[in-house]
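Remarks on the structure that follows.
Please treat every number below as a calculation from the coordinates, not as lab data. Please read these numbers as outputs of a predicted model, since none were measured by experiment.
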Amino acid sequence: MVEIKHLDDYALVQKFVDGEHESLEILITRHKNRIYTYIFMIVKNHAVAEDIFQDTFIKVIQSLKKGRYTENGKFVSWAIRIAHNLIIDHFRREKHLSTISNDETEVDIFNSPKFSDMNIEDNLVSEQIFREVRHLIEELPDDQRQVVIMRHYLGFSFREIAEHSGVSINTALGRMRYALINLRKLIEERELNLTLS
C-alpha cells in the first residue's frame with residue numbers, strides 16, 4: 001500500500017481496472033478536494049455538492065469497469081468533466097438554469113493577500129468580501145465564470161483550463177481577460193470597496 005500511493009494517476013487507474021480496488025481510494029483521496037470544490041463553486045450547496053461528488057465517482061467506477069477511460073494520465077480533468085455533466089443534469093432537473101449574461105469580472109482581488117485571521121473584525125470583513133466577489137462571479141457569462149473558477153479557486157493552469165474547456169490557450173486567456181474587465185466594471189458601477197483596510 002505504501003508503494004501504490006506513489007504511483008501516477010494512470011498507473012492507479014490500470015491497477016483498479018486489474019482488480020486492485022484500493023488504488024481507486026487513493027485516486028479519490030488525491031483529487032477529492034479539487035473535484036468537490038469545482039462542484040461546490042457551481043452548485044453552492046454542500047448537500048447537493050456531496051451528492052454530485054458521490055455520483056461522479058459512481059460514474060467514474062462504472063466507466064473504468066467498462067473500459068471507457070482513455071485520457072492517459074489526465075484523470076482529474078476526466079473526472080471533472082463527468083462532474084460537470086452531472087451538474088448540468090442537476091440544474092436541468094431543478095429547472096433553474098440561471099444563465100445571467102451580464103458582462104462582469106474582477107479587479108486584482110485575487111492577487112490581494114490571503115485573508116489572514118488577524119482578528120474577528122478582519123475575518124468578518126474578509127468573509128463579506130469573499131461573498132461579494134462570489135456574487136459578482138455568478139453574474140459573469142458561463143464561459144468567463146468557468147475560467148475564473150478553474151483558475152482562481154481550483155488552481156488550474158491556463159493549459160489545463162484550455163484542455164478541460166476544449167478551447168485554445170489563447171481563448172482561455174481571452175475569456176479571463178474579459179472576465180476581469182467585466183468584474184472591474186461591476187465593482188466600479190456598484191462602488192464596492194473590496195479591501196480589508
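Whole-Hz ³J(HN,Hα) for each residue in the stretch 12-27, computed from phi via Karplus 6.51 cos²θ - 1.76 cosθ + 1.60 with θ = phi - 60°, x for glycine and proline: what do you get?
Listing the rounded values in order: 5, 4, 4, 5, 5, 4, 7, x, 8, 5, 5, 5, 5, 4, 5, 4 Hz.
Pop out the ³J(HN,Hα) list for the stretch 149-161 in order, Karplus 6.51 cos²θ - 1.76 cosθ + 1.60 with θ = phi - 60°, rounded to Hz; leave Gly and Pro as x.
Going residue by residue, I get 5, 5, 6, 9, 9, 9, x, 5, 6, 5, 5, 5, 4 Hz, with x marking Gly and Pro.
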